[in-house]
Amino acid sequence: MKMKTAVMGAFALTGAGALALAANAQDRMILPGANWATMQDETEGGHRFGNPEAKVKLVEFMSYTCSLCATFARQGDSAIRLAYVPTGRISYEIRHLIRDPVDLTAALLTHCGEPQKFAGNHEAIMYRYEDWMAKVQKSTQAQRSRWQFGSHSARFQAIASDLDFYDIMQGRGYTRSQIDACLSDEAKAQAMAEQSAADIAKYGLPGTPSFVLDGELLEGTHNWPALEKRLSSVVIAD
């Protein structure tokens, strides 16, 4: 899907001042025989699966309000983590490109809890895409006004309530108060919006989903069949 200037609108809607992104990369000891399939950590820009020192580094840039991203989550996400990540030769990182307030709300919820919870949160939101997107499309003007005006917490809680995000996250074991705490994290919302703008500027991302392999944008690659061909060729050449 084409990227829009809406990313900057979502940036403004966070309601927080500019905050510097904290670098959280740390030196790691890479042990022989490590189980890369179960390793995931939070990076400066997103969440990474597998060997942090892998020779090949794949980054997906996605948005929760993107239908093609929902399709990729079902077709490509698990395939990459089951077939490629366990080898230790490829790491897979998911980064957010924030398009609108609904997208930002979903992104905040996927970051609820410890980094190890991200994969399950991400899947829970993505696999229910058709259900909650139907509610977005049927939303009233009054609802959309609540999503855009008021305090930071009130806006994102209204979105979560109207789109049944509370039910999705409670199904993941979160309490209402825990969900509200994640939605109220203005610093995290601001950091996500800033990171989105930085990634768009750095890589010239044309839309979502987009993929960067070893620092290079894979032009014309926006679905799993196309990406699988590129990954297969890299593995053969490696």
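The values are calculated or read from the model by the stated rules, or taken from the named source; none is laboratory data. Since the structure is predicted, the reported quantities are computational estimates derived from the model, not experimental observations. Quick reminder, even Gly has a Cβ in these numbers, built from the backbone with ideal geometry, and neighbours come from all protein chains shown.
Report, by residue number, each residue of the stretch 129-176 that is more than 16 Å from residue 106 (Cβ to Cβ) and of a type in the set (Phe, Trp, Tyr). Selection gives 149 alone. For the stretch 185-194, the count of residues that are closer than 21 Å to residue 123 by Cβ and touching a strand residue (DSSP E or B) at 6+ places or on another chain (Cβ under 6 Å) is at least one. For the stretch 209-230, the set of residues classified as surrounded by 13 or more Cβ atoms within 10 Å (Cβ to Cβ) and either part of a loop (DSSP other than H, G, I, E, B) or out of contact with any strand residue (DSSP E or B) (no Cβ under 7 Å at 6 or more places or on another chain) (or both) consists of 209, 218, 221, 222, 223, 224, 226, 228, listed by residue number. Taking the condition of being out of contact with any Cys (no Cβ under 9 Å at 6 or more places or on another chain) and either on the phi > 0 side of the Ramachandran plot or basic (Lys, Arg) (or both), how many residues in the stretch 185-217 meet it? Within the stretch 185-217, residues that are out of contact with any Cys (no Cβ under 9 Å at 6 or more places or on another chain) and either on the phi > 0 side of the Ramachandran plot or basic (Lys, Arg) (or both) number 4. What's the number of the condition residue 116 fails, among (1) in contact with a Phe, Trp or Tyr (Cβ under 9 Å, 6 or more places away or on another chain); (2) of a type outside the set (Lys, Arg); (3) outside any strand (DSSP E or B)? Every listed condition holds for residue 116 apart from (1). Those helices (runs of 4 or more DSSP H) of the stretch 4-112 in which 2 or more residues are surrounded by fewer than 23 Cβ atoms within 10 Å (Cβ to Cβ) and either among the aliphatic types (A, V, I, L, M) or modelled with pLDDT under 95 (or both) occupy 6-13, 67-72. When the stretch 111-130 is filtered for residues that are touching a Leu at 6+ places or on another chain (Cβ under 8 Å) and without any contact (Cβ under 8 Å) to a residue 12 or more places away in the chain, nothing remains. Exactly one residue among 97, 104, 58, 108 is farther than 20 Å from residue 225 by Cα, in contact (Cβ under 8 Å) with a residue 40 or more places away in the chain and touching a strand residue (DSSP E or B) at 6+ places or on another chain (Cβ under 8 Å), and that residue is 97.
None of 221, 208 is under 18 Å from residue 45 (Cβ atoms) and either of a type in the set (Val, Ile, Thr) or more than 18 Å from the chain's Cα centre (by Cα) (or both) except 208.
Annotation for the stretch 157-172: at least one member residue is without any contact (Cβ under 8 Å) to a residue 12 or more places away in the chain and more than 27 Å from residue 78 (Cβ to Cβ).
Scan the stretch 167-185 for residues that are in a helix (DSSP H, G or I) and either crowded, with 18+ Cβ neighbours inside 10 Å or touching a Leu at 6+ places or on another chain (Cβ under 7 Å) (or both) and the total you get is 5. When the test is whether a residue is free of Cβ contacts under 8 Å to residues at least 60 places away in the same chain and under 17 Å from residue 49 (Cα atoms), residue 145 does not pass it. Beta carbons closer than 6 Å, at least 6 apart along the sequence or on distinct chains, pair a first residue in the stretch 190-208 that is of a type in the set (Ser, Thr, Tyr) with a second that is assigned to a helix (DSSP H, G or I) for 196/7; 208/69. Given the condition part of a helix (DSSP H, G or I) and of a type in the set (Lys, Arg), answer yes or no: does some residue in the stretch 127-134 qualify? No, the stretch 127-134 contains no residue that is part of a helix (DSSP H, G or I) and of a type in the set (Lys, Arg).
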